[in-house]
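Below is one structure, written out as C-alpha cells; the observations come after it.
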Amino acid sequence: MLLELFKWLAQDTRAFSVFNYLTLRAVLATITALTISFIAGPPVIRWLAAKKIGQAVRDDGPQTHLIKTGTPTMGGALILISLSISTLLWADLSNRFVWIVLIVTLGFGIVGWVDDWRKVVYRNPKGLSAKTKFFWQGLIGLAAAVTLAYSLPSTTLIIPFFKTVSYPLGIAGFITLTWLVIVGTSNAVNLTDGLDGLAIMPTVMIGGALGIFAYVAGHAVFAKYLFLPYVPGAGELAIFCGALAGAGLGFLWFNAYPAEVFMGDVGALALGAALGTVAVVARQEIVLFIMGGIFVAETFSVMIQVLWFKWSGGQRVFRMAPLHHHYELSGWKETQVVVRFWIITILLVLFGLATLKIR
C-alpha cells in the first residue's frame, strides 16, 4: 500500500503542487519548528545540565534571582536548531533573502555562543568584553547592510500612515540605517532577556507580524494596493518568520516561569538580529521600532540610567536598569512584569499591523 502511494507521488507532480503555496509552507514551517523544539528540548536541557552549563547570576541584580543560579543556559541554541532546520526544509533555498537572514541570525548566534561559553567556563557573568562583542556584531551587521543595499530594489525609508511619504536615504544612508537596525535590535532583545519568558514571547509576536509584512512586500498586487514597496522574493521570509515563531513558542514551553532553561546571548542576540534584518528587507524599519516598543523602552532605560548616573555623580533615574528590574524592585512580581509586558507588546503589534491600511 505504501509502495503504491510512493509510486503515485513520484509520478504525479500535482501531488506536490499544494506545497508551492507560500502561506501553507509558512504554517508547516511553524509546526515543524515547534515539533522539533518539543522533541529536542528535554534532551538538550539534560545535556546542558549534565555539562553544568548553568546560569551565572549577577551579584548586583535583584536578590530574588539568586535562586536561578545554575539553571541551564544557552538554550537559545535549541531555537536556532529548530529555526534553521525548519527554514531549510520549507523555504526556497534559491532565494537570496532567506540566506541573508539565516546567515545573519547564525552569525550573531555564534557571537552569543562565545559570550555565553565564557560566562559558563570562566564563571564570569559579564562574558565577552563589550568592545569585542560589539566589534563582531558590527562587522556582521555591516556585511549584511552592504549586501542588502545592493540586493533591494529601493533604499528609501518608508514612513507609515502615509501613502506616498518616504525619505530617500541613498546607499550610504541605507547602509548606516540598516546597520543600526540590525545591531540595535540584537542588543535590545538581549537587554530585555532578563526574566522568564520576557523576551521570547514579544519576539514571537513581532516575528509573526513581520512575516505578514514580508509576505505583502513580496506580492506585487498586495504591495501596490497597500502602497508598500514591492520587493521581489521578500515573501519567502514568511517561511523564516513562521519557523521563528514555532521555534520561539517551543522554547517558551521550557522557558515559562519557573524556567527550566534560559535563552542566553546565543538566542537573544541572534533573534534580535533576525527581526532587524527581516524588517529591513520588508522596508518596515519604523514599524519594527513601534512593535518592538518594549525592547526600545528597555534599551533607553539602560542608556538613561548610565548617562544620568555619570552626569549626576551617582544618582539614579530607575531603581535598577533594564526597566523590568525597576518594576521588580517596585513591588511587581516577576510573572506580573512578564505578562504585562506581553500585553503591551500585543497592543503595539496590532498598532503596527494597522499601518498596512491606515495610510
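The values are calculated or read from the model by the stated rules, or taken from the named source; none is laboratory data. Bear in mind the structure is a predicted one, so any value in this text is a computation, not a measurement. Neighbour counts run over all protein chains shown; Cβ positions are idealised from the backbone, glycine included.
Where residues in region 221-245 are aromatic (Phe, Trp, Tyr) and free of Cβ contacts under 8 Å to residues at least 24 places away in the same chain, which of them is surrounded by the fewest Cβ atoms within 10 Å (Cβ to Cβ)?
Out of the qualifying residues, it is Tyr225.
Can you confirm whether region 295-306 contains a residue that is in a helix (DSSP H, G or I) and among the hydroxyl-bearing types (Ser, Thr, Tyr)?
Yes: region 295-306 contains one or more residues that are in a helix (DSSP H, G or I) and among the hydroxyl-bearing types (Ser, Thr, Tyr).
Taking into account only those residues within region 142-174 that are of a type in the set (Val, Ile, Thr) and touching a residue at least 40 places away in the same chain (Cβ under 8 Å), which is surrounded by the most Cβ atoms within 10 Å (Cβ to Cβ)?
Within region 142-174, the match that is surrounded by the most Cβ atoms within 10 Å (Cβ to Cβ) is Ile158.
Is it true that Lys7 is surrounded by fewer than 19 Cβ atoms within 10 Å (Cβ to Cβ) and at pLDDT 60 or above?
no
Please verify whether Trp332 is of a type in the set (Phe, Trp, Tyr), part of a helix (DSSP H, G or I), surrounded by fewer than 22 Cβ atoms within 10 Å (Cβ to Cβ) and free of Cβ contacts under 8 Å to residues at least 24 places away in the same chain, treating the condition exactly as stated.
no
Give Ala188, Ala243, Ala238, Ala214 a once-over and let me know the one that is under 17 Å from the mean Cα position of the chain (by Cα), more than 26 Å from Ile159 (Cβ to Cβ) and at pLDDT 95 or above.
Ala243
Among the residues in region 172-184, are any farther than 25 Å from Glu298 by Cβ and in contact with a Lys or Arg (Cβ under 8 Å, 6 or more places away or on another chain)?
No - not one qualifying residue is present in region 172-184.
Among the candidates Arg283, Arg316, single out the residue that is part of a loop (DSSP other than H, G, I, E, B) and within 25 Å of Ser166 (Cα to Cα).
Arg283
Among (1) in contact with a Lys or Arg (Cβ under 7 Å, 6 or more places away or on another chain); (2) assigned to a helix (DSSP H, G or I), which single condition is Val231 missing?
(2)
For region 128-149, give me each residue that is modelled with pLDDT under 95 and hydroxyl-bearing (Ser, Thr, Tyr).
If the condition is that a residue be modelled with pLDDT under 95 and hydroxyl-bearing (Ser, Thr, Tyr), then Ser129, Thr132 are the ones that fit.
Considering only residues that are out of contact with any Ser or Thr (no Cβ under 8 Å at 6 or more places or on another chain) and not in a helix (DSSP H, G or I), look in region 246-262 and name the one that is surrounded by the fewest Cβ atoms within 10 Å (Cβ to Cβ).
Pro258
Count, please, the residues in region 149-179 that happen to be within 25 Å of Leu139 (Cβ to Cβ) and either of a type in the set (Val, Ile, Thr) or in contact with an Asp or Glu (Cβ under 9 Å, 6 or more places away or on another chain) (or both).
Of the residues in region 149-179, 7 are within 25 Å of Leu139 (Cβ to Cβ) and either of a type in the set (Val, Ile, Thr) or in contact with an Asp or Glu (Cβ under 9 Å, 6 or more places away or on another chain) (or both).
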